[in-house]
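The values are calculated or read from the model by the stated rules, or taken from the named source; none is laboratory data. These figures come from a predicted structure and were not determined experimentally. Backbone-built Cβ (ideal geometry, glycine too); neighbour counts: all protein chains shown.
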């Protein structure tokens, strides 16, 4: 390899290595801490006064259909990759305790969506994990994003 190519390789390989290490470490730490630390209520924030109604419509071959009825008295917003695919947060069972696990934290393609009061929508979730799991999303009051609730959409619990 020529001296010039070797310099270029050294110049870019070390920063690339550091970037990869940072990404790996960030993913590992966030898994260990769980998502609840990052999405819990802070000072000045509160729960929705009333939660939307969640109804399981179907669950087969890893595809889960959930109907959400907004009867909260306010328009709600949520983030998602489409109007039927919200951002998801997961809990897994460790012994008898539910522990925050991973979440869809990649914002690429994620946009806010609106669910007006007294309207319904069907969410399509995909989860093939054989383990016990709870799946959540976040609904915010459209007019005040400091009012929000973490809503359980689905639970697979063997006992």
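Just one of the numbered conditions (1) under 26 Å from residue 150 (Cβ atoms); (2) in the same structural domain as residue 115 (by TED's automatic domain parsing); (3) modelled with pLDDT under 90 is not true of residue 29; which one? It fails just one condition, (2). Residue count for the stretch 127-159 satisfying the condition of being outside any strand (DSSP E or B) and either without any contact (Cβ under 8 Å) to a residue 40 or more places away in the chain or crowded, with 20+ Cβ neighbours inside 10 Å (or both): 5. Filter the stretch 80-92 down to the residues that are crowded, with 16+ Cβ neighbours inside 10 Å and under 18 Å from residue 142 (Cβ atoms) and list them by number. Listed by number, the residues that qualify are 80, 86, 87. Could you please find all residues in the stretch 93-126 being surrounded by 13 or more Cβ atoms within 10 Å (Cβ to Cβ), under 13 Å from the mean Cα position of the chain (by Cα) and part of a loop (DSSP other than H, G, I, E, B)? Listed by number, the residues that qualify are 104, 105, 110.
Condition check for residue 81 on (1) modelled with pLDDT of 95 or more; (2) out of contact with any helix residue (DSSP H, G or I) (no Cβ under 9 Å at 6 or more places or on another chain): one failure, at (1).
Looking across the stretch 48-78 at every residue that is in a loop (DSSP other than H, G, I, E, B) and loosely packed, with under 12 Cβ neighbours inside 10 Å, the one that is farthest from the chain's Cα centre (by Cα) is identified as 73.
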